[in-house]
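Notes to accompany the following structure.
The values are calculated or read from the model by the stated rules, or taken from the named source; none is laboratory data. On a predicted model such as this, the values are computed, not experimentally measured, just so you know. In this analysis, Cβ positions are derived from the backbone assuming ideal geometry, glycine residues included, and neighbour counts consider all displayed protein chains. When the accessible area is computed, the model is the full protein with side chains, heavy atoms only, and any ligands, DNA or RNA have been set aside. Shrake-Rupley method; radii C 1.70, N 1.55, O 1.52, S 1.80 Å.
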Amino acid sequence: MSVVELRDVTREHGQVHALRGVSLEVSAGELVAVMGPSGSGKSTLLNLAGGLDRPTSGVVTIEGEDLSRVKDVAAIRRNRVGYVFQDLNLIPSLTAAENVMLPRELDGVRAGRARPEALAVLAEVGVEEIADRFPEELSGGQRQRVAIARALVGERRLLLADEPTGALDTATGDEILELLRARCDAGAAVLLVTHEPRYAAWADRVIYLRDGLIAETGAVRLESAR
Amino acid sequence: MSIRLSLLALLSSGPRYGYQLRVEFEASTGATWPLNIGQVYTTLSRLERDGLVEPVGADEQGRVVHTITEAGREELARWFSTPVAQTDRPRDELAIKVAMAVAGGVDVAEVIHTQRMATMRALQELTRAKRSAAGGLAQRLVLDSLIFKAEAEQRWLDHCEAVSKEKNR
């Protein structure tokens, strides 16, 4: 089942064509990596897939819902989509657990319920023991795990990751990919933007964007990748 | 060369017979370099001729067991303390192919494209092997080495593409 789908999507910023007609589907249990030189439209693609930006033309659907037709896109963003970015991830004045609780609390879930949920998902990503520490007390890898926990809490099934391994060393970066891969294998759909081939190689499919178009895809699919 | 020294390295932790050496070599290197048993026996007999190993009898099933000699240990220590020279590696066919494509007026972008797809597939397969590898640290590090090499090739292809695009403007 397709969790997110882009159909003939274009995005223009004034005279600049950031995306020039892209179609892409990511199914449950699938990890798709997007690669391409800077300025090729990778981040634009991710923002459109997550409802953070609107296409100039074309259709984006999340779990079957056309984002241009739903009343409350913000609710879909909060409930169904998790975002992990290279930086600007955690709020420094909140503990790891509080950071993970935040999206749930914004959704009106009480702290009494949000906290056990946060602890459970922190355990799933392997950092249960640092729940009550502040971001500055954590290593880069731990911070990124907390960010992934926050993206997953509340059973969101679409995870969008923009260079999530940014400043991490390769061994820690591999651990982050292993974690994303495990979430996929448990049924999530993950769209990963990366400029590093070693991380893209964890994906079921790798897509190359060039000048706002998909240049190469499909051929690198590994049918039995999972 | 490296088979000879690898066998010495395996023998340095205790006497072994041929088949055991083959199994351990493949386990350590993640079966990346399959070794046939004939190669093992030929290499052992050369090592014996050169005084780097010696037979120390047979096990209960009659298999000849070899042990490393003092000269063998010295040879091994020399190997580990000497860096691998760039010139010991074979020529890079891909670099030559891209150079010839440029020189011969062939569509370089197409050569790069074809290679990139193949290299990414290889990288995916290596990553999958790493994920399912039950072996120990040695095996994982060998797979990592191949991953780093494939990654470097992929980066170099990106670089070729960017530079040749620049030149064609």
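Structure above, values below:
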item: The stretch B:2-86 - percent relative contact order, Cα under 8 Å, separation 6 or more; result: 33
item: Label zone at B:VAL23, where the point sits 7 Å out along the Cα-to-Cβ direction: the stretch B:45-74 residues whose backbone N lies under 18 Å; result: B:58-67
item: Length-normalised contact order for the stretch A:105-217 - Cα pairs under 8 Å, 6+ apart - percent; result: 19
item: For chain B, built as a Gaussian network whose Cα springs stay under 10 Å, the top-fluctuating residue of B:SER12, B:SER145, B:SER132; result: B:SER132
item: Helix B:70-81 vs. chain B, principal-axis angle (Cα, 0 to 90°, nearest 10); result: 20
item: Cut-off 12 Å between beta-carbons: net charge of the residues surrounding A:ALA114, Lys and Arg +1, Asp and Glu -1; result: +1
item: Cβ-derived FRET efficiency at R0 56 Å, A:LYS71 paired with B:SER2, nearest 0.05; result: 0.25
item: Apportionment of accessible area to carbon and sulfur, the stretch A:1-155, percent (1.4 Å); result: 47
item: Three-way shape call for the stretch B:2-86 based on the alpha-carbon gyration tensor, with the a/c threshold at 1.5; result: oblate
item: Unit charges on C-beta of K, R, D, E only; dipole of chain B, Debye; result: 420
item: Gyration tensor verdict on the stretch B:90-167 (Cα atoms; rounded if a/c is under 1.5, prolate if a/b is larger than b/c, oblate otherwise); result: prolate
item: From phi via Karplus (6.51, -1.76, 1.60), per-residue ³J(HN,Hα) for the stretch A:68-79 in Hz, x at Gly/Pro; result: 6, 10, 7, 6, 10, 4, 4, 5, 5, 4, 6, 8
item: B:ARG131-A:ASP185 pseudo-label distance in nm [points 7 Å out on the Cα-to-Cβ vector]; result: 0.7
item: Interface burial for B against A (accessible surface, 1.4 Å probe, total of both chains, Å², rounded to 100); result: 2100
item: Added length on full extension, which subtracts the Cα-Cα distance from 0.36 nm per residue, A:THR170 to A:SER93; result: 24.9 nm
item: Formal net charge of residues neighbouring A:SER57 (Cβ-Cβ distance under 11 Å; K, R +1; D, E -1); result: +2
item: Whole-percent carbon and sulfur share, accessible surface of chain B, 1.4 Å; result: 56
item: Cα gyration tensor, the protein assembly as shown - rounded (a/c under 1.5), prolate or oblate; result: oblate
item: Cβ-based net charge around B:VAL64, under 13 Å, with every Lys or Arg adding one and every Asp or Glu removing one; result: -2
item: Accessible area per residue, Å², the stretch B:90-167 with all protein chains present, probe 1.4 Å; result: 59
item: Choice from A:LEU138, A:LEU67, A:LEU213 showing the highest fluctuation, given a GNM over chain A with Cα pairs closer than 10 Å; result: A:LEU138
item: 1.4 Å probe accessible area per residue over the stretch B:2-86, in Å²; result: 57
item: Counting DSSP beta bridges with both ends in the stretch A:146-221, the antiparallel % (nearest 5); result: 40
item: Estimated 222 nm signal from helices in chain A, with DSSP H stretches of n ≥ 4 weighted -39500 (n - 2.57), rounded to 500; result: -10000 deg cm²/dmol
item: Cα→Cβ-extended label distance, 7 Å offset, between B:GLU166 and B:ALA71, nm; result: 5.5
item: Taking chain A and dividing mean pair separation by its residue count, relative contact order in percent (alpha carbons under 8 Å, at least six apart); result: 30
item: Using distinct alpha-carbon pairs, which all enter the 1/r mean, Kirkwood radius of chain A in Å; result: 17.7
item: FRET efficiency, A:LEU52 to B:ALA99 (Cβ-Cβ, R0 45 Å, nearest 0.05); result: 0.55
item: 222 nm mean residue ellipticity, helices alone, for chain B (DSSP H n ≥ 4; -39,500 (n - 2.57); rounded to 500); result: -22000 deg cm²/dmol
item: Check: the stretch B:2-86 dipole with +1 on Lys, Arg Cβ and -1 on Asp, Glu Cβ, in debye; result: 200
item: The protein assembly as shown - share of DSSP beta bridges that are antiparallel (%, nearest 5); result: 60
item: Aspartates and glutamates whose Cα lies under 20 Å from that of B:LYS167, excluding same-chain neighbours fewer than 8 positions away; result: A:ASP211, B:ASP107, B:GLU110, B:ASP158
item: Most fluctuating residue given options B:VAL106, B:VAL53, B:VAL23, as computed from a GNM of chain B linking Cα atoms under 10 Å; result: B:VAL106
item: Proximal lysines relative to B:LYS130, as straight alpha-carbon distance under 19 Å, when same-chain residues fewer than 8 apart are discounted; result: B:LYS149
